[in-house]
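Data block below; observations after.
The values are calculated or read from the model by the stated rules, or taken from the named source; none is laboratory data. Being a predicted model, the structure only gives us computed values, none of them experimental. Reconstructed Cβ throughout: ideal geometry from the backbone, glycine too, with neighbour counts over all protein chains shown. Just the protein is used for accessible areas: all its heavy atoms, side chains included, with ligands, DNA and RNA removed. Shrake-Rupley method; radii C 1.70, N 1.55, O 1.52, S 1.80 Å.
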Amino acid sequence: MVNNTSLLGMARQGRLDIIAGLLGLIAAIALLPLQFLLDQVYIRTLPIVLGCASTLYLLAARDERHGEIATLSFTMARILPPLIILGSAALVVIAGFFEGRTLLFYDIAAAVGTALFAQILFVDNDYFSPGLSLFLIIVFGLVVRFAALYTTTGFIGIDVWTHMGHWTADVLEAQSLQPISDVKYYASPLYHLLVVGSSLLLDVPIRTALFIVVGVAMPISVLLIYATATFFVEPRWAVFATAVYATSASVIEWGIHLIPTSLGLIFFLAIFYSLDRMLRIDYKPRDFGLVVFFSVAVILTHQISAFIMLVFTGSGLLAYFGLGLGIFDIGRPSWERSSTRESVNLTGLLVFDLGLITFMWSLTPHHGNSFLMIILDYFVSTVEKSGVGQLQSTNAQNIPPNVMPQQTLMQSIVEYLDVLGFLLLLLLTIVGCLYIIRQENISHATFTCVIATVIMLMFVFGFPMFGITTFVPGRWYPFVAAPMAVIAAIGLPYLVKNTQPSVMVVVLLLFVVVFPAASILASESTQDQPAFTNTQTRYSYTESELAAMQAIDTYAENKSKNWVTDHPYATAIERTESHNMESGAIQDGKVAGYERNLELQNGTTTTVLRDADTFIYRDYQGSGAAYYDLFYNNASVSYTPKVKLQQVCSGKDILYMNDDVVICDTGGA
């Protein structure tokens with residue numbers, strides 16, 4: 001049945017979803033010129049995503065034809081699950097044979113991901129099994145993550161070297177928290193205590209204990225997304241939400257870079273489920289107690305995760321007040337408005353969390369002061385210096401073209417690849433938000449998800465536009481992806497049922513093919529061994545590079561502290577407290593390591609070496625995407641010059657050498 005009512009007619013009738021869709025389309029067109037003022041990938045892409053999402057929803061709302069899309073045959077429905085299992089097994093073999101995740105690994109993983117989504121979206125209801133699909137998601141997630149963890153020497157990422165290579169090891173050795181008594185995790189030690197306790201209980205090294213406890217919990221915790229989504233949608237779409245979340249690049253990232261953020265994310269998902277459950281059922285005190293329990297666990301694990309949890313809890317209260325305005329109330333008997341009991345409990349929860357966070361942060365040591373005072377001072381300072389267009393100024397606004405490193409075609413491709421998966425999820429999320437605010441669909445739980453998503457995206461995109469990065473926006477992606485996945489699962493079935501089948505098949509096929517590939521190949525999810533080695537930076541190290549890190553502490557004694565190497569190697573060395581490092585950079589005319597020549601030479605710019613007392617050269621600097629910071633006129637960018645050994649060590653004494661690393665010095669051995 002086709003609804004012939006025009007969109008403008010429905011808008012005049014007060015359809016909030018239609019009004020919002022039309023406004024979204026207008027806003028998308030109005031925001032398009034912004035890309036000529038601000039050079040940032042999201043500035044260029046978000047208006048397109050908003051416009052496409054609004055258009056898709058408006059087309060579905062106009063037609064409401066209740067059509068059906070093509071489904072896979074019974075034979076294909078039976079073949080896909082074994083293929084996914086065989087593909088996952090092949091990934092294990094490839095990672096073991098090549099001792100890591102190679103481009104072949106990523107290609108097959110993307111194909112397995114495509115098969116997984118095809119099985120979820122295109123298998124007929126008679127043959128679809130939610131339990132089997134969830135099993136396949138967990139198996140695939142475990143393989144993708146542990147192929148990275150167990151084939152990498154040491155750890156993956158940067159912060160983990162501080163937590164595991166320094167703090168957790170010291171806590172284990174001292175059998176107390178005294179070694180971290182002067183750092184912020186003294187008041188949030190749950191991650192370190194969990195790893196140390198597991199190491200002692202299981203009698204395994206702390207690295208293995210980390211992988212067993214946090215590493216396994218990360219891919220399994222996505223089941224909380226399924227449990228939450230079943231409150232709102234049928235099992236198929238709840239499985240879809242789970243698959244989208246499990247394969248998102250940012251979620252994979254914190255499944256291989258295992259730090260307190262990872263554990264905080266697990267507890268956040270538990271709060272997400274518990275709070276939505278509390279808003280959907282006639283709950284008992286024990287249900288509310290679960291929310292309180294997990295909120296305390298987050299606070300004792302990670303400061304940023306605790307703040308994000310506070311934002312989500314506050315969104316529930318804002319949603320209650322928003323529903324109380326009456327704009328969604330159309331007088332239907334099944335109107336789902338939360339009672340005063342929910343508002344009182346949400347207020348109490350918010351006050352409790354805020355009070356506990358304030359108390360804990362005021363006692364948390366950080367750089368010689370309390371964490372609360374340091375973060376407030378930093379926030380005030382950031383706001384005072386903020387202004388529209390800070391995204392641009394942090395890139396290349398004040399750097400002349402002859403100084404600015406030119407972006408290669410491959411770098412441009414990877415830049416879009418890194419955000420493509422998130423943008424596809426955002427597109428479906430916008431559709432879901434429009435569907436939810438349609439008066440007959442709204443509820444306290446769903447509106448909480450919408451409010452939380454909007455506010456969290458403000459922290460991700462909005463504040464950084466004004467130069468406010470106090471809240472570390474990069475850490476918010478896996479958290480905001482949780483409500484986004486559920487909202488997307490609410491909106492997608494509406495599109496499937498009401499959009500022309502031919503159009504919807506194309507949309508779903510594009511998603512099935514593009515989303516898993518983009519997520520698997522993104523820089524965040526390939527930190528151990530990038531798919532594009534010359535463009536994406538590797539945040540893991542070989543045995544020789546780790547051996548050099550251990551040797552640096554010995555060679556650094558009685559030497560000048562002007563030791564220079566690339567990023568991220570310099571940061572990893574600092575995190576293990578081997579020695580204070582500098583990554584090559586230009587600042588105020590003084591150069592540590594390399595600079596990009598400020599003058600044109602025969603129409604080109606060159607990378608030249610300036611004096612550094614001691615340079616740590618690794619072969620990766622000449623072949624990979626190790627980078628250096630270029631500071632010029634109050635702006636900075638990163639660039640990746642290809643550096644050869646003779647450029648940095650010619651005429652210097654060799655202090656240390658192994659297969660991958662050379663340390664050379666100007667002052668003699």
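Regarding segment 88-106, can at least one residue be identified that is free of Cβ contacts under 8 Å to residues at least 60 places away in the same chain, touching a strand residue (DSSP E or B) at 6+ places or on another chain (Cβ under 9 Å), surrounded by 15 or more Cβ atoms within 10 Å (Cβ to Cβ) and within 26 Å of I220 (Cα to Cα)? For segment 88-106, residues free of Cβ contacts under 8 Å to residues at least 60 places away in the same chain, touching a strand residue (DSSP E or B) at 6+ places or on another chain (Cβ under 9 Å), surrounded by 15 or more Cβ atoms within 10 Å (Cβ to Cβ) and within 26 Å of I220 (Cα to Cα): absent. Being aliphatic (A, V, I, L, M) and either within 12 Å of the chain's Cα centre (by Cα) or more than 19 Å from C449 (Cα to Cα) (or both), is that true of even one residue in segment 267-284? Checked against the condition, which is being aliphatic (A, V, I, L, M) and either within 12 Å of the chain's Cα centre (by Cα) or more than 19 Å from C449 (Cα to Cα) (or both), segment 267-284 yields no hits at all. L258 meets all of the listed conditions (1) open to solvent by 10 Å² or more (accessible area, probe 1.4 Å); (2) hydrophobic (A, V, I, L, M, F, W, C); (3) not in a helix (DSSP H, G or I) but one, namely (1). Any residue at all in segment 92-105 that's touching a Gly at 6+ places or on another chain (Cβ under 9 Å), at pLDDT 95 or above, of a type in the set (A, V, I, L, M) and not in a loop (DSSP other than H, G, I, E, B)? No, that holds for no residue.
Regarding I158, is this residue at pLDDT 95 or above and either surrounded by fewer than 18 Cβ atoms within 10 Å (Cβ to Cβ) or over 17 Å from L521 (Cα atoms) (or both)? No, not satisfied.
Answer yes or no as to whether A115 is over 24 Å from R538 (Cβ atoms), small (G, A, S), modelled with pLDDT under 95 and open to solvent by less than 70 Å² (accessible area, probe 1.4 Å). The answer is no for A115. Candidates Y226, Y245, Y191: the one that is more than 30 Å from F447 (Cα to Cα) and either touching a helix residue (DSSP H, G or I) at 6+ places or on another chain (Cβ under 6 Å) or not charged (D, E, K, R) (or both) is Y191. Comparison of F268, F240, F288, F272 shows that the only residue that is hydrophobic (A, V, I, L, M, F, W, C) and open to solvent by 20 Å² or more (accessible area, probe 1.4 Å) is F288. When I69, I79, I48, I85 are checked against the criterion of being part of a loop (DSSP other than H, G, I, E, B) and out of contact with any Leu (no Cβ under 6 Å at 6 or more places or on another chain), I69 stands alone in meeting it. The condition (being acidic (D, E) and either open to solvent by 30 Å² or more (accessible area, probe 1.4 Å) or at positive phi (or both)) is satisfied by just one residue among E524, E545: E524. Only residues that are polar (S, T, N, Q) and open to solvent by 20 Å² or more (accessible area, probe 1.4 Å) were counted across segment 459-481, and they come to 1.
The residue list S176, S188 contains one member that is over 16 Å from S262 (Cα atoms) and either of a type outside the set (V, I, T) or modelled with pLDDT under 90 (or both), which is S176. Within the set L136, L59, the sole residue that is at pLDDT below 95 and either in a loop (DSSP other than H, G, I, E, B) or of a type outside the set (V, I, T) (or both) turns out to be L59. In segment 173-180, the condition of being in contact (Cβ under 8 Å) with a residue 24 or more places away in the chain and either open to solvent by 40 Å² or more (accessible area, probe 1.4 Å) or closer than 30 Å to P81 by Cβ (or both) is met by no residue.
Residues of segment 17-31 that are in contact with a Leu (Cβ under 9 Å, 6 or more places away or on another chain) and either hydrophobic (A, V, I, L, M, F, W, C) or under 19 Å from R44 (Cβ atoms) (or both): I18, A20, L22, G24, L25, A27, A28, L31. Consider Y494 carefully, then state whether it is more than 30 Å from P641 (Cβ to Cβ), hydroxyl-bearing (S, T, Y), assigned to a helix (DSSP H, G or I) and at pLDDT below 95. In short, yes.
Cβ-Cβ distances below 6 Å connect the following pairs, each with a first residue in segment 277-296 that is part of a helix (DSSP H, G or I), a second residue that is surrounded by fewer than 18 Cβ atoms within 10 Å (Cβ to Cβ), and a separation of six or more residues or different chains: M278/D287; R280/F231. Scanning segment 512-529 for residues that are in contact with a helix residue (DSSP H, G or I) (Cβ under 6 Å, 6 or more places away or on another chain) and either closer than 15 Å to A111 by Cβ or without any contact (Cβ under 8 Å) to a residue 60 or more places away in the chain (or both) gives V512, V513, F515, P516, A517, A518, S519, I520, L521.
Looking across L193, L201, L224, one residue alone is closer than 30 Å to I374 by Cα, of a type in the set (A, V, I, L, M, F, W, C) and either open to solvent by 10 Å² or more (accessible area, probe 1.4 Å) or touching a residue at least 12 places away in the same chain (Cβ under 8 Å) (or both). It is L193.
Only one entry in R538, R618 is closer than 16 Å to V661 by Cα, at pLDDT 80 or above and surrounded by fewer than 23 Cβ atoms within 10 Å (Cβ to Cβ), namely R538.
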